[in-house]
């Protein structure tokens, strides 16, 4: 006796799309069977998904919950992005069942202390499944570098570093190049993956000084600061370093420029295991959108760039340089998002985890003719493969977690903030989408169905991860 059977005629499996019955027992997919192989009496419940798209639950590998947002005035009270409970609920409404956040270092922390502190924000406070990247900031003591090996072996295999402080007011984020070298050597030895926010700090800080000096410090000029040249120089520097470390592998976060795509593609052509992530706002907005009312709502760091850069990102999804589309989720109110209006005080991140699947299905499949399988790879399966979750996550296959999303092409709608479950604004406001998730299943439990939410904050589980040798051995995807 199964707990659930989902009958679909467009079921996205690792081997293609077909007509399958998905049988769920407990938290796992027990079988994919030919239509009608199991009668309705073989399960406690049957869901008819004919005419809809049945896919693995979405995976967002880049979110920031309960994240510190600096105050504008020196000595002012900082704010924090929405907690995991709020973001994970919205994720499930949008068909995403797994999110990956960050366990960030503070001065004097050991790696176990970073993880322990983050657990206090997450454990029993998240509706969907989750994991952390370890985030190292500023000067990294040798003792912390060596602790990374044990962390990788314990299921925390991805380590994020910044090559820039991002803004002059946020000193202490950039990790020096020598320390990055040592970090990557440990990750190479132990089977980890370097996760990189890559911009050239000299170029970025020079442009801050230049624009302030010229009286052009409005946030609408952000693309001049966080520019494509900076991405080009920094990507090539970090890639060259990693290429000279046997066993190293990289995941370049929030690629925003065609120059970054090119740098990744050239390294992949030489056989180096490097993977690229972009964000849906980079793919669909440009720096011209900063000039719209409340244009800060479209921004995250690095900046939006030109139409040519956007075109390069789309090309990257086709040539293998861009493997995942994430959000850089920083869910906050509109008043916090637009509180800064200069190049050095604009709030980063975005509220986009809920509409991500619907927006990207529309843009990829409906407008650009991507296959449904390609869309699923870019929003779910590739992230699972790269981040050490596959095939537990990101696959509709026997033995995989029963994380299942049903997209309904009959649910065409206009995105409106009032219909979402994140915050009081959406950068996707007014956008027409060609489908919407109507059912989301997490490890066999129906969490969302036709607008009704059935989750519990204790449903989410932490996912320990191990990067496969295939991913680390060469550009697999």
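Just so you know, all these numbers are worked out from the coordinates, no wet-lab data involved. Everything numeric here is computed off the predicted structure, so don't read it as measured data. Glycine gets a Cβ as well: all are built from the backbone with ideal geometry, and neighbour counts include every protein chain shown.
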Listing 270, 417, 52 by rising number of other beta-carbon atoms within 10 angstrom, fewest first, gives 270, 417, 52
Taking the chain, how much of its Cα-Cα pair set, in percent, is spaced more than 32 angstrom apart? 36 percent
Beyond 26 Å, the calculated P(r) of region 256-409 holds a percent of Cα-Cα pairs equal to 31 percent
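Largest first and in whole Å, what are the equivalent-ellipsoid semi-axes of region 411-477 based on the Cα gyration tensor, each being the root of 5 times an eigenvalue?
On the way: eigenvalues 189, 82, 34 Å².
In descending order, the three semi-axes are 31, 20, 13 Å.
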Can you tell me the Rg and Dmax of region 199-339, counting just the alpha carbons, in angstroms? 15.6, 49
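How compact is region 367-408 by the rule of thumb for globular proteins, expressed as Cα Rg over 2.2 N^0.38 Å? Each step should come with its number before you reach the end.
Numbers: Rg = 11.0 Å, N = 42, 2.2 N^0.38 = 9.1 Å.
It is 1.21.
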Footprinting exposure proxy for 468, 79 (fewest neighbouring C-beta atoms within 10 Å first): 468, 79
Residues of region 1-29 with amide N under 18 Å of a point placed 7 Å along Cα→Cβ from residue 450: 5-8
Rel. contact order, % - alpha carbon contacts under 8 angstrom, at least six apart, region 177-268: 41 percent
Percent of C-alpha pairs per 10 Å bin, region 338-474, short to long: 10, 32, 36, 19, 3, 0
Taking a crude spin-label model, label points 7 Å out from Cα along the C-beta direction, the residue 319 to residue 333 distance in nm is 4.5 nm
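Could you tell me the calculated FRET efficiency between residue 229 and residue 470, based on Cβ-Cβ distance and R0 = 22 angstrom, to the nearest 0.05? Display every interim value, and only then the final one.
Details: r = 34 Å, r/R0 = 1.55.
According to the calculation, E is roughly 0.05.
Can you figure out the FRET efficiency of residue 40 with residue 214, using R₀ = 60 Å and their beta-carbon distance, to the nearest 0.05?
Given R0 = 60 Å and the Cβ-Cβ separation, E is 0.25.
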Thinking of region 1-148 as a set of Cα atoms, what percent of all their pairs are more than 22 Å apart? 58 percent
For region 58-389, give the share of DSSP beta bridges that are antiparallel, in percent and rounded to the nearest 5; count only bridges with both residues there. 10 percent
Among 98, 414, which comes first, second and so on when ranked by fewest other beta-carbon atoms within 10 Å? 414, 98
Calculate the spin-label point distance for residue 113 paired with residue 143, positioning each point 7 Å from the Cα along the beta-carbon direction, and give it in nanometres. 0.9 nm
